[in-house]
Every structure is written in structure tokens, then in C-alpha cells.
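Worksheet for the structure shown next.
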Amino acid sequence: MTVTNKCDLCHRSICCRYITQHIDTPRSKLDFELLLWQISHQNIEIYKDKDGWFLLFHTSCHHLLDDGRCGIYHQRPQICRDYSNDYCEYDAPADEGFERYFRNYDELLAYCQQRFKRWRK
Ligand code: SF4
Ligand code: SF4
């Protein structure tokens with residue numbers, strides 16, 4: 001397998017099935033209350049890595065074809081063109097690089113209760 005044919009072999013096309021949004025580093029209870037609301041919604045997770053905190057939306061791109069190819073390959077957005085497959089989700093799950101990873105409301109709530117001594121019960 002080479003970087004040239006790697007994407008052809010990756011039928012799950014994992015990199016086309018989510019988006020991320022960088023967010024300000026949460027510090028206050030109010031910040032975490034907002035994150036608790038956001039993570040209460042379907043397909044939303046939150047993580048922190050070396051680049052900071054992010055919302056993670058598990059949602060497939062409308063242009064992803066059934067065979068795993070891009071339906072607008074020649075017009076695809078710049079971020080898709082810039083994405084390198086040198087070492088991607090085909091090689092290892094993205095969460096290997098996460099310093100914190102909250103997959104649901106309960107996980108984030110437990111973190112809030114540990115971080116803030118006076119967090120509401
Ligand atoms: S960049 Fe990686 S995850 Fe995305 S389609 Fe290519 S091999 Fe798969
Ligand atoms: S535009 Fe194409 S390459 Fe970009 S996320 Fe959608 S399917 Fe993937």
C-alpha cells in the first residue's frame with residue numbers, strides 16, 4: 001500500500017464522516033454548562049488535543065458516494081485537498097492523540113464534578 005492507492009483501499013472513508021470545530025478553552029462552570037448542552041445532542045463529542053479543545057460532529061459528507069469516493073472530487077473544498085493521508089484514521093484512530101475525550105453527557109458531567117468541588121449534584 002502507498003499513499004497513492006491508500007484511499008482506494010479505505011472503503012470506510014473515515015475522514016469524510018465527521019467535522020470538527022475548534023472552541024475556546026473552557027474554564028468556568030458556565031463554559032462547561034454550555035458544553036454539557038452541546039454534548040447532549042446526537043452525534044456530538046468533545047475532545048482536547050495538542051491544538052486545544054474541539055467539538056466533534058459525527059456526520060457524513062453529502063458528497064461521499066456509496067463506494068467511498070468523493071462525488072465532487074475535482075471541486076472538493078480546500079481543506080479536503082490539504083488533508084494528508086500520510087498518517088490518517090486508516091492507520092490509527094484519531095482519539096489516540098486526544099488528551100481528553102468526552103463521548104457523552106455522563107462522561108463530561110463526571111469530569112465537571114471532579115474538576116469543580118462545588119458542582120451541582
Ligand atoms: S485520508 Fe485516510 S481515512 Fe481518509 S479516505 Fe484516505 S486512507 Fe481513508
Ligand atoms: S467533499 Fe469529498 S473529500 Fe471532502 S469530505 Fe466530502 S466526500 Fe470527503
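Selection of region 1-11 for residues being surrounded by 14 or more Cβ atoms within 10 Å (Cβ to Cβ) and either hydroxyl-bearing (Ser, Thr, Tyr) or part of a loop (DSSP other than H, G, I, E, B) (or both) yields only CYS10.
Out of all the residues in region 53-67, which are part of a loop (DSSP other than H, G, I, E, B) and either of a type in the set (S, T, N, Q) or within 14 Å of ligand 1 (Cβ to nearest atom) (or both)?
Taking region 53-67 first, the residues part of a loop (DSSP other than H, G, I, E, B) are 59-63, 65-67.
Matches in region 53-67: THR59, SER60, CYS61, HIS63, LEU65, ASP67.
If the condition is being of a type outside the set (Ser, Thr, Tyr), away from ligand 2 (no atom under 16 Å from the Cβ), under 22 Å from CYS15 (Cβ atoms) and in contact with a helix residue (DSSP H, G or I) (Cβ under 7 Å, 6 or more places away or on another chain), then region 73-121 contributes only PHE102. If you filter region 97-117 down to residues that are in a loop (DSSP other than H, G, I, E, B) and touching a residue at least 60 places away in the same chain (Cβ under 8 Å), you find that the one that is farthest from GLU33 (Cα to Cα) is ASN104.
Counting only residues that are loosely packed, with under 11 Cβ neighbours inside 10 Å and within 13 Å of ligand 2 (Cβ to nearest atom), region 12-44 holds 1 of them.
Take region 101-118 and flag every residue that is surrounded by fewer than 14 Cβ atoms within 10 Å (Cβ to Cβ) and either over 23 Å from the mean Cα position of the chain (by Cα) or under 17 Å from SER28 (Cα atoms) (or both).
So in region 101-118, the residues surrounded by fewer than 14 Cβ atoms within 10 Å (Cβ to Cβ) come out as 104, 106, 110, 113-118.
Result: ALA110, GLN113, GLN114, ARG115, PHE116, LYS117, ARG118.
Among the residues that make up region 78-88, is at least one of them aromatic (Phe, Trp, Tyr) and at pLDDT below 90? Within region 78-88 (the criterion being aromatic (Phe, Trp, Tyr) and at pLDDT below 90), the answer is yes, since at least one residue qualifies. For region 58-68, a residue qualifies if it is more than 8 Å from ligand 2 (Cβ to nearest atom) and either surrounded by 15 or more Cβ atoms within 10 Å (Cβ to Cβ) or farther than 30 Å from PHE32 by Cα (or both), and the qualifying residues are ASP66, ASP67, GLY68.
Which of the residues that make up region 70-81 are over 17 Å from the mean Cα position of the chain (by Cα) and either surrounded by fewer than 10 Cβ atoms within 10 Å (Cβ to Cβ) or under 21 Å from GLU45 (Cα atoms) (or both)? Spell out how you get there, then give the answer.
Within region 70-81, the first condition is being over 17 Å from the mean Cα position of the chain (by Cα), and the residues that meet it are 70-78, 81.
Scanning region 70-81 gives HIS74, GLN75, GLN78, ARG81.
Hey, could you check region 27-52 for residues that are assigned to a strand (DSSP E or B) and among the aliphatic types (A, V, I, L, M) and say which is farthest from GLN113 (Cα to Cα)?
Just the residues of region 27-52 that are assigned to a strand (DSSP E or B), to begin with: 44-49, 52.
Applying the additional criterion that residues be among the aliphatic types (A, V, I, L, M) yields 44, 46.
Numbers: ILE44: 20, ILE46: 17 Å.
Among residues in region 27-52 that are assigned to a strand (DSSP E or B) and among the aliphatic types (A, V, I, L, M), the one farthest from GLN113 (Cα to Cα) is ILE44.
The values are calculated or read from the model by the stated rules, or taken from the named source; none is laboratory data. Fair warning: this is a prediction, and the values are worked out from it, not measured in the lab. Note that we place each Cβ from the backbone using ideal geometry, even for glycine, and neighbour counts take in every protein chain shown.
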